[in-house]
Amino acid sequence: MFWYDKDNPLVDFMDIRREECILSDGQLCIVNPNIIGDFTNMDFPDKSYKMVVWDPPHLVYAGKTSNLYKLFGKLDDWRNDLKKGFEECMRVLDDYGVLIFKWSDHQLKVKTVIQAIGHVPLFGHKTSRHTIWMAFMKLPDETGLPV
Ligand SMILES: C[S@@+](CC[C@H](N)C(=O)[O-])C[C@H]1O[C@@H](n2cnc3c(N)ncnc32)[C@H](O)[C@@H]1O
């Protein structure tokens, strides 16, 4: 949902599911990654990415028919899922690569999540009910892609 170019050829979009569902207002929700995979056990070699954008489910309680569940899913074993997911993101990152981690503290506070992960970020929102962040990457001229 948050990608400006959902077909960006430089991105491997990964999710654990591919599905379409109807939200309560009749809107269609389409989850259509180009790779099906589990962030706790990714099928990528070590150090294979310069940047990882990790946006795991932030809910631990959500009714299976709710819009939030349909859109974002939920964590079953949140401590373990987030710890293993973080370790996997770090494993697939190249040296000096960047991990962008998105969180929304509706149900679990950022502080609690950082404790569970066991690593302190360089910077980020310390609290928020609405997460907003942006990242830009300057690409070399020869790629012919806009910067
Ligand atoms: C907050 S949403 C991500 C939304 C996404 N950033 C976007 O722009 O559309 C969280 C997603 O994580 C997926 N997910 C849940 N558990 C996962 C796992 N173990 N591995 C990979 N994806 C998982 C859910 O299916 C859900 O689509």
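Quick check on segment 12-57: of everything there that is among the small types (Gly, Ala, Ser) and surrounded by 14 or more Cβ atoms within 10 Å (Cβ to Cβ), which residue is farthest from the ligand (Cβ to nearest atom)?
Among those residues, the one meeting the criterion is Ser48.
Does Ala116 fit the bill of being modelled with pLDDT under 90 and either small (Gly, Ala, Ser) or within 25 Å of Lys6 (Cβ to Cβ) (or both)?
Judged against the criteria, Ala116 is not a match.
Can you tell me which residue within segment 74-84, out of those that are within 13 Å of the ligand (Cβ to nearest atom) and within 17 Å of Asp105 (Cβ to Cβ), is surrounded by the most Cβ atoms within 10 Å (Cβ to Cβ)?
My answer is Leu82.
Take Tyr69 and decide whether it is away from the ligand (no atom under 14 Å from the Cβ) and on the phi < 0 side of the Ramachandran plot.
No; evaluated as a whole, the condition is false for this residue.
Return the residues of segment 1-22 that are in contact with a Lys or Arg (Cβ under 6 Å, 6 or more places away or on another chain) and either β-branched (Val, Ile, Thr) or at pLDDT 95 or above (or both); say none if nothing qualifies.
none
Only one of (1) touching a residue at least 24 places away in the same chain (Cβ under 8 Å); (2) under 26 Å from Arg129 (Cα atoms) fails for Leu10. Which number is that?
That leaves (2) as the condition not met.
Quickly run through segment 86-123 and pick out the residues that are in contact (Cβ under 8 Å) with a residue 24 or more places away in the chain, assigned to a loop (DSSP other than H, G, I, E, B) and among the β-branched types (Val, Ile, Thr).
Within segment 86-123, none qualify.
The values are calculated or read from the model by the stated rules, or taken from the named source; none is laboratory data. As the structure is a computational prediction, the values presented were derived from the model and not from experiment. Here the Cβ is made from the backbone with ideal geometry for all residues, glycine too, and neighbour counts use every protein chain on show.
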